[in-house]
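Student: Would you mind keeping the following structure in view while I ask a few things?
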Protein chains: 2
Amino acid sequence: MTESVLDYMTRLGRAAREASRVVARASTAQKNRALQAAAAALDAARSELSAANEQDLAAGRANGLEPALLERLALTPARIDGMIEGLRQVAALPDPVGAIRDMSYRPSGIQIGKMRVPLGVIGIIYESRPNVTIDAASLCLKSGNATILRGGSEAIHSNRAIAACIQRGLADAGLPAAAVQVVETTDRAAVGALISMPEFVDVIVPRGGKGLIERISRDARVPVIKHLDGICHVYVDAQADLAKAQKIAFNAKCYRYGICGAMETLLVDQAVAADFLPAMAAEFRAKGVELRGCERTRALIEAVPATEEDWSTEYLAAILSIRVVDGLDQAIEHINHYGSHHTDSIVTEHQGQARRFLAEVDSSSVMLNTPTCFADGFEYGLGAEIGISTDKLHARGPVGLEGLTCEKYVVIGDGQLRG
Amino acid sequence: MTESVLDYMTRLGRAAREASRVVARASTAQKNRALQAAAAALDAARSELSAANEQDLAAGRANGLEPALLERLALTPARIDGMIEGLRQVAALPDPVGAIRDMSYRPSGIQIGKMRVPLGVIGIIYESRPNVTIDAASLCLKSGNATILRGGSEAIHSNRAIAACIQRGLADAGLPAAAVQVVETTDRAAVGALISMPEFVDVIVPRGGKGLIERISRDARVPVIKHLDGICHVYVDAQADLAKAQKIAFNAKCYRYGICGAMETLLVDQAVAADFLPAMAAEFRAKGVELRGCERTRALIEAVPATEEDWSTEYLAAILSIRVVDGLDQAIEHINHYGSHHTDSIVTEHQGQARRFLAEVDSSSVMLNTPTCFADGFEYGLGAEIGISTDKLHARGPVGLEGLTCEKYVVIGDGQLRG
């Protein structure tokens, strides 16, 4: 290009800001029409999508990309089906924009309430999964936001082909092309520019490895919705149904090792540890899960000694740390101290213990008698998620349409004056 | 002190974090008892408060503090009454903590909802008004947060005396002393430390001049709730009741020049400008308000020519810029471009025009037929405000108890598993 990356990104940013005003006032029907038309365009473009993806895969193989990355990069027919289905699901979700709540009269005679409105322009920075392009674009569009998408350079041809389908959807609904823009350059300076334009971008959502997210959070001059770690706990209380606890803990760890909601540490009340741990350990061992335990754990079952570091490690693998605790207080203390404020669950039949755990554990999701691996936008009914936030301000937990909006005050009077 | 400022602030931070766990689970009755007891302690300590304040005032006079600053610093009997009344009002507000909304069943059988919880530890950095100590401490306590308060060094004796009363309240309710801590050193390094401890402080609220807020926003490593400018507009629509419009615009400008909700720019539809502006201008002129107008304005009334800079200036003074616009679209465009996303009002009797203005103006408060100077926590029924946020993420507009909390997901099951 003859244009500098900074000029190019400024141009995208300015266009996104302008388009955001139009998308913000688009009707629900218009936004849904764009989503449905984009789904139809994807369905009609299967061969183009596969050809574009094959270009990326070939380049990836030539560049020695790891098999796991190639696997993520692949746009299989099933993944294309998933993207189409995802668009239709987002179209079917209720539109959060414009909802007004809590309108009430004040003594002065003015009426006050809150209206839900889009955030404006959302920048998404992600790694090689091309289906994120559809997830992010559809959620942002439905919530009335403009988006700038910056995917991994390995997926550039796939992302362009997907973007072309989204463009057909926008055109069909009479929405501006700049409502969804894919960054066309693979120059890394584009990321630096995207996270430094508060005048054009309202929030950045990074999706990918911890390194990417840390770097972006550190350098961004725009608010970031993010999560770094998922160090999730299941606490088996003295009043737990132990059969239920065993099933929940097994599912929490083994549903999938690599998801952020996977249990990394199992806490067990000392009162039931001797009854609970041997059978539990046998089930994990049969599945090939390595166990690392505190001293009291190792007095009951065979386990590698857990180090201080284990308690704050996200394994994302077939490894589990286990600690026997004195009771609820120590469990809560452990979770709030070593956890990552992501998702934590108590197994108990005791109402008072459950109530305290749910109130006092400082995590984005707190659970009772259910495995931590349920922490997911689809499972929560959000339709999809743009990410999971472990920050406390603004969105917390899986972020769907509501997390991409905010509320402003609406004040209605009829000539009332102050003072 | 022999202790370094950094060590001192770390000690406060650690104590605040510990205390925050206790305050977060304190009952409503216990928090209200602390607030009522602090009010009683203030009432009983009037002479100590006046003596401490006299020390600050004497030092201020000796250091040549400006009269306006001395005025803000003064703890008059009326201001002490105001602080006592403020504590009682906050005690009377509903407790937001623990409220659960939208619990619903998912197809998997788990039940999902959201629980409102405190943010944790809130750092408040403010200038010389000692009554902020009470406003901030009471709102933070009621919303279940621990607070670290860093007031202006000119008010240190007053703030210590107020803090002693708060401590009596906390002790009376059996709450930890570290739930509300006043930074005892006037060393400026304390501010730098306070805004750089994400492990101990969850959010910073700066209150004061624009310089302070800009500096803190730039340097903070912790989220900041803030507002910089209040460039507020009143737009007089073609369908306005012009008599009502004149009263609203006059009140918006002249209720108080120095508040952030004061109107700085008046926009008038060209269709009614000739009918509206002459009488309006005469009223402003009689009050001594300097008028700065666009060309079309100056064709109708006497006014200084407005420069491009005027449209983005927060005067906080008896100066008003006036622009005649082509209609609603240009008014919205002007406000979104030149405004500060604070508070903007339309005067119209036309439902469709009102609906568009309220939806499309991108400000923390949008108003209909009422003056912008209503933008205030008390007027909005929040009891008090810790500040006004013009950011879009998290709190937007006047920030009361709800803005000092967040929501986490609560997931309840009975042994449901995933997959």
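The values are calculated or read from the model by the stated rules, or taken from the named source; none is laboratory data. Model, not experiment: these values are computed from the prediction. Glycine also receives a Cβ, built like all others from the backbone with ideal geometry; neighbour counts cover every protein chain displayed. Accessible surface is based on the protein model in full, side chains and every heavy atom, while ligands, DNA and RNA are left aside. Shrake-Rupley method; radii C 1.70, N 1.55, O 1.52, S 1.80 Å.
Student: Give me a count of the residues in segment B:133-150 that are more than 30 Å from A:Gly377 (Cβ to Cβ) and either open to solvent by 10 Å² or more (accessible area, probe 1.4 Å) or out of contact with any Phe, Trp or Tyr (no Cβ under 9 Å at 6 or more places or on another chain) (or both).
Tutor: Count: 11.
Student: With respect to A:Met1, determine if the residue is modelled with pLDDT under 95 and either in contact with a Phe, Trp or Tyr (Cβ under 7 Å, 6 or more places away or on another chain) or assigned to a helix (DSSP H, G or I) (or both).
Tutor: yes
Student: Test B:Ala136 against the criterion of being hydrophobic (A, V, I, L, M, F, W, C) and at pLDDT 95 or above, and give yes or no.
Tutor: Criteria not met by B:Ala136.
Student: Something else: Take the residues in segment A:338-352 that are facing chain B (nearest Cβ under 10 Å) and either free of Cβ contacts under 8 Å to residues at least 12 places away in the same chain or within 26 Å of the chain's Cα centre (by Cα) (or both); name whichever of them is surrounded by the fewest Cβ atoms within 10 Å (Cβ to Cβ).
Tutor: A:His341
Here's the yes/no breakdown for (1) in contact (Cβ under 8 Å) with a residue 40 or more places away in the chain; (2) more than 14 Å from chain A (Cβ to nearest Cβ); (3) not small (Gly, Ala, Ser):
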{"residue": "B:Leu291", "(1), (2), (3)": "no, yes, yes"}
{"residue": "B:Ala299", "(1), (2), (3)": "no, yes, no"}
{"residue": "B:Glu302", "(1), (2), (3)": "no, yes, yes"}
{"residue": "B:Glu309", "(1), (2), (3)": "no, yes, yes"}
{"residue": "B:Leu316", "(1), (2), (3)": "yes, yes, yes"}
{"residue": "B:Val324", "(1), (2), (3)": "yes, yes, yes"}
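Student: In addition: If you check A:Ile122, A:Ile112, A:Ile134, A:Ile156, which single one turns out to be in contact with a Cys (Cβ under 6 Å, 6 or more places away or on another chain) and touching a residue at least 12 places away in the same chain (Cβ under 8 Å)?
Tutor: Unique residue meeting the criteria: A:Ile122.
Student: If I filter segment B:47-68 for residues that are of a type in the set (Ser, Thr, Tyr) and under 30 Å from A:Ala375 (Cα atoms), do I get at least one hit?
Tutor: No, every residue in segment B:47-68 fails to be of a type in the set (Ser, Thr, Tyr) and under 30 Å from A:Ala375 (Cα atoms).
Student: Same structure again: Identify, please: which residue in segment A:223-255 is at pLDDT below 95 and within 10 Å of another protein chain (Cβ to nearest Cβ) and is, among those, surrounded by the most Cβ atoms within 10 Å (Cβ to Cβ)?
Tutor: Looking at residues that are at pLDDT below 95 and within 10 Å of another protein chain (Cβ to nearest Cβ), I get A:Ile225.
Student: Looking at B:Lys226, B:Lys244, B:Lys210, which is the one that is under 29 Å from B:Leu119 (Cβ atoms), touching a strand residue (DSSP E or B) at 6+ places or on another chain (Cβ under 7 Å) and among the charged types (D, E, K, R)?
Tutor: B:Lys226
Student: For B:Arg418, all conditions in the list (1) open to solvent by 10 Å² or more (accessible area, probe 1.4 Å); (2) out of contact with any helix residue (DSSP H, G or I) (no Cβ under 6 Å at 6 or more places or on another chain); (3) not assigned by TED's automatic domain parsing to the domain that holds B:Tyr338 hold save one; what is the number of the exception?
Tutor: Of everything listed in (1) open to solvent by 10 Å² or more (accessible area, probe 1.4 Å); (2) out of contact with any helix residue (DSSP H, G or I) (no Cβ under 6 Å at 6 or more places or on another chain); (3) not assigned by TED's automatic domain parsing to the domain that holds B:Tyr338, B:Arg418 misses just condition (2).
Conditions tested, residue by residue: (1) more than 21 Å from B:Asp43 (Cα to Cα); (2) modelled with pLDDT of 95 or more; (3) open to solvent by less than 30 Å² (accessible area, probe 1.4 Å); (4) under 24 Å from the mean Cα position of the chain (by Cα).
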residue	(1), (2), (3), (4)
B:Leu65	yes, no, no, no
B:Asp81	no, yes, no, yes
B:Ile84	no, yes, yes, yes
B:Val97	yes, yes, no, yes
B:Ile100	yes, yes, no, no
B:Gly109	yes, yes, yes, no
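Student: Right, next: Which of the residues that make up segment B:385-394 are open to solvent by 10 Å² or more (accessible area, probe 1.4 Å) and either farther than 25 Å from A:Asn145 by Cα or assigned by TED's automatic domain parsing to the domain that holds B:Arg116 (or both)?
Tutor: B:Glu385, B:Gly387
Student: Would you mind finding the one in A:Glu402, A:Glu407, A:Glu333 that is of a type in the set (Asp, Glu), open to solvent by 10 Å² or more (accessible area, probe 1.4 Å) and in contact with a strand residue (DSSP E or B) (Cβ under 6 Å, 6 or more places away or on another chain)?
Tutor: Checking each option against the conditions leaves just A:Glu407.
Student: Then there is this: Those residues that are part of a helix (DSSP H, G or I) and hydrophobic (A, V, I, L, M, F, W, C), I need them from segment B:148-165; list them, please.
Tutor: B:Ala155, B:Ile156, B:Ala161, B:Ile162, B:Ala163, B:Ala164, B:Cys165
Student: Does B:Gly82 satisfy being within 26 Å of A:Asp362 (Cα to Cα), touching a helix residue (DSSP H, G or I) at 6+ places or on another chain (Cβ under 9 Å) and not hydrophobic (A, V, I, L, M, F, W, C)?
Tutor: It is false that B:Gly82 is within 26 Å of A:Asp362 (Cα to Cα), touching a helix residue (DSSP H, G or I) at 6+ places or on another chain (Cβ under 9 Å) and not hydrophobic (A, V, I, L, M, F, W, C).
Student: Could you name every one of the strands (runs of 3 or more DSSP E) located completely within segment A:353-419 that has at least 3 residues being facing chain B (nearest Cβ under 7 Å) and touching a residue at least 40 places away in the same chain (Cβ under 8 Å)?
Tutor: It comes to A:405-412.
Student: Among the residues of segment B:167-182, which ones are open to solvent by less than 10 Å² (accessible area, probe 1.4 Å) and part of a strand (DSSP E or B)?
Tutor: Result: B:Val180, single match.
Student: In addition: Looking only at segment B:71-82, which residues are without any contact (Cβ under 8 Å) to a residue 60 or more places away in the chain and more than 12 Å from B:Gly152 (Cβ to Cβ)?
Tutor: Passing the criteria: B:Glu71, B:Ala74, B:Thr76, B:Pro77, B:Ala78, B:Arg79, B:Ile80, B:Asp81, B:Gly82.
Student: Check B:Leu119 against each of (1) surrounded by fewer than 24 Cβ atoms within 10 Å (Cβ to Cβ); (2) within 14 Å of chain A (Cβ to nearest Cβ); (3) farther than 30 Å from B:Gly419 by Cβ; (4) not β-branched (Val, Ile, Thr) and name the one condition it does not meet.
Tutor: With (1) surrounded by fewer than 24 Cβ atoms within 10 Å (Cβ to Cβ); (2) within 14 Å of chain A (Cβ to nearest Cβ); (3) farther than 30 Å from B:Gly419 by Cβ; (4) not β-branched (Val, Ile, Thr) applied to B:Leu119, the lone miss is (1).
Student: Evaluate the following for A:Leu316: is it surrounded by 15 or more Cβ atoms within 10 Å (Cβ to Cβ), out of contact with any His (no Cβ under 7 Å at 6 or more places or on another chain) and at pLDDT below 95?
Tutor: Answer is yes for this residue.
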